[in-house]
1. Under the condition of being more than 26 Å from Arg209 (Cβ to Cβ) and surrounded by 21 or more Cβ atoms within 10 Å (Cβ to Cβ), which residue from the stretch 116-141 is modelled with the lowest pLDDT?
2. If you check Ser155, Ser168, Ser150, which single one turns out to be in contact with a strand residue (DSSP E or B) (Cβ under 9 Å, 6 or more places away or on another chain) and of a type in the set (S, T, N, Q)?
3. Would you be able to tell me the number of residues in the stretch 200-217 that are more than 20 Å from Pro37 (Cβ to Cβ) and at pLDDT 80 or above?
4. Every residue in the stretch 51-82 that is buried (at least 17 other Cβ atoms within 10 Å of the Cβ), of a type in the set (Val, Ile, Thr) and in a strand (DSSP E or B), please.
5. Quick check on my filter: what residues within the stretch 142-181 are touching a Lys or Arg at 6+ places or on another chain (Cβ under 8 Å) and surrounded by fewer than 19 Cβ atoms within 10 Å (Cβ to Cβ)?
6. Restricting attention to the stretch 174-200, report how many residues are of a type in the set (Val, Ile, Thr) and outside any loop (DSSP other than H, G, I, E, B).
7. Search the stretch 30-48 for residues that are modelled with pLDDT under 90 and pair each with any residue that is assigned to a helix (DSSP H, G or I) and of a type in the set (Asp, Glu) when their beta-carbon atoms are under 8 Å apart and the residues are at least 6 apart or on different chains.
8. Can you tell me which residue in the stretch 86-104 is modelled with the lowest pLDDT, limited to those that are assigned to a loop (DSSP other than H, G, I, E, B) and under 16 Å from the mean Cα position of the chain (by Cα)?
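The values are calculated or read from the model by the stated rules, or taken from the named source; none is laboratory data. Everything numeric here is computed off the predicted structure, so don't read it as measured data. We place every Cβ from the backbone using ideal geometry, glycine too, and count neighbours over all the protein chains shown.
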Amino acid sequence: MTAVDPALDFDTLILAGGRAARMGGADKAGLAVGAAPMLVSVARAAAAAGTSRLILVGPPRPGPIEDDLALLAAGRTGWLTWVQEEPPGSGPVAGLRCGLAEATAAWVVLLATDLPFLTAAHLTALVMARPQAVGVVAADTAGHSQWLTSCWHTSVLKSALTAYGGNSLHGVLEPLNPATIRLEATVGDPPPWLDCDTPDDLATARRARSRVEDPGG
């Protein structure tokens, strides 16, 4: 298991309550890339990176997802929390505000539910790179900030949300002037910030995962 310095205590907040309109309304959290649903894959990465708590924003997913998450949380009282933004599906800022109310660690990692190539090593690098000030965000190869792969000082983020009345993650996070980090792709995988917003994105991710899992197939 990859672990971070105990002094860098952090909670992880995964936004899993969107409407997924570009995915035709399918529940992205439950769509599998490889053997695991994407939400489970991201949750496992956070657990392996040593998150103090896992906060999931969105509707509960009874069945295999709930079972897999229960296994991750086994023996860790209060480690897993489900909350729902109001109204449901009202956007990432509402989800962030709802989930952040549950955060108790000094730092919080903010993630999307549809990052099938994100690993514990990536999250460890993200947390270890956080500056003394407000936070750090992953940047893609073009230098664009990937807001849903980021780490923030919890109290600063709570203050920013209190003062913000809009609906854009960029709008609330960019003015905080976070540091950026380039996360290296795992050999053979797409980059860790690759998300699956559309059926084409999902097909691309599944093909990439299939090549890694069955290189001779």
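1. Arg130
2. From the options Ser155, Ser168, Ser150, the qualifying one is Ser150.
3. The number of residues fulfilling the criteria is 0.
4. Ile55, Val57
5. Leu161, Ala179 - these are the residues of the stretch 142-181 that are touching a Lys or Arg at 6+ places or on another chain (Cβ under 8 Å) and surrounded by fewer than 19 Cβ atoms within 10 Å (Cβ to Cβ).
6. Residues meeting the conditions: 2.
7. Gly34/Glu213; Ala36/Asp68
8. Applying the first criterion (assigned to a loop (DSSP other than H, G, I, E, B)) to the stretch 86-104 yields 86-91, 101-104.
Next, only the ones that are under 16 Å from the mean Cα position of the chain (by Cα) stay: 91, 102-103.
On the way: Gly91: 89, Glu102: 97, Ala103: 97.
Only one residue tops the list, namely Gly91.
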